[in-house]
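Okay, structure first, notes after.
No lab work stands behind these numbers, since they all come straight from the coordinates. Computed from a prediction, not measured in an experiment: that's the story for all the values here. Quick reminder, even Gly has a Cβ in these numbers, built from the backbone with ideal geometry, and neighbours come from all protein chains shown.
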Ligand SMILES: Nc1ncnc2c1ncn2[C@@H]1O[C@H](COP(=O)(O)OP(=O)(O)OP(=O)(O)O)[C@@H](O)[C@H]1O
Ligand SMILES: [Mg+2]
């Protein structure tokens, strides 16, 4: 069960959009596909949703091959993208009523109100024409449409595109909550590392038609960027001379000292902190790690090495 993708390849004209990708998503898992523009995320989702035929390889959804059983697969999956499928001249109620009749859902209105309350859409909103909806309102209605339909598999292709940070966060937290309640299997694509980390248990980073790495967000971060930084100042001129073998670099800038540590296998951070504390009277000591974005850029960009000065530490 779940989703199994094996050696998927797809070429458009002379663009190799997918160069043989493989991954698995467990039943009930929220899986993140993360990658920059043109990485192949949408192509992957389209193949899984039977909207596009792959050149080779195979994909199975709940054990069913998407090419052999497209109709059955379509009954199991739903896709939410930044572009919705609504009728602009109909209001929210009329749109959901229309889709509910296709999906043969009863009591759509009751469910719509219930999910609307959860998401911050009320009756007044539902009475507005879709043409007058903001992007965030449309995305919320999109999610309501899917929740009413209740497919066990959901693909969200950059669903927060165009949402402001507050709406985007609300959308994600609601998504996480209802996905856990409904035990849906979800693939969530994004180029935003933070949002993927917030809602996905495991992620795969895609670049240029290939999956370059996958795992839990923390594992990826450590794998890609195994460094930490301790920043502090001396109150009265201590000497930043240390012996710990895991210290990579020591830099002094004004009254600030930065110690870069290879985080490596064990946690050497507190050994180093002890050494720092023994070296003088310290103030403002903080331990920082690179942002996830940094890890993402490292894994998808062309840069070979980014120096510590260029890194955005948090
Ligand atoms: N219908 C198409 N015809 C020709 N080339 C295409 C088509 N669809 C996608 N491509 C190409 O395939 C590659 C992967 O595109 P895809 O849309 O899957 O990327 P993506 O990861 O979803 O990117 P984005 O973050 O911009 O949505 C790109 O180089 C794109 O130009
Ligand atoms: Mg895309």
Query raised in the report: Length gain on complete extension for the stretch residue 169 to residue 208, per 0.36 nm per residue less the alpha carbon to alpha carbon distance?
Result: 11.2 nm
Query raised in the report: What is the helix-to-structure angle for 165-182, meaning the angle in degrees between its Cα long axis and the longest Cα principal axis of the chain, kept from 0 to 90 and rounded to the nearest 10?
Result: 70
Report summary line: Between the alpha carbon centres of the stretch 155-226 and the stretch 28-85 the gap in Å comes to 16
Report summary line: Among the stretch 207-248, those whose backbone N falls under 20 Å of a label point 7 Å along Cα→Cβ from residue 285 are 227-248
Query raised in the report: So what is the 222 nm mean residue ellipticity for the chain from helices alone, if each DSSP H run of at least 4 adds -39500 (n - 2.57) and you divide by all residues, rounding to the nearest 500 deg cm²/dmol?
Result: -10000 deg cm²/dmol
**Report entry** Highest to lowest packing among 29-42, 188-201, 209-222, scored as the average C-beta count within 10 Å
**Finding:** 29-42, 188-201, 209-222
Report task. Assuming a ≥ b ≥ c are the square roots of the Cα gyration tensor eigenvalues, decide whether the stretch 126-173 counts as rounded (a/c under 1.5), prolate (otherwise, with a/b larger than b/c) or oblate. Result -> oblate
Report summary line: Everything considered on the Cα gyration tensor (a ≥ b ≥ c; rounded for a/c under 1.5, else prolate if a/b is larger than b/c, else oblate), the chain must be described as prolate
Report summary line: Between the modelled labels at residue 180 and residue 16 (7 Å from Cα along Cα→Cβ) the distance in nm is 4.1
Requested in this report: In nm, give the distance between the simple-model label positions of residue 58 and residue 127, each being 7 Å from the Cα along the Cα-to-Cβ direction.
Outcome: 5.4
Query - Principal-axis tilt of helix 92-103 within the chain, Cα atoms, nearest 10 degrees - result: 70
Query raised in the report: Roughly what would the spin-label model give for residue 24 and residue 82, points 7 Å off Cα along C-beta, in nm?
Result: 3.3
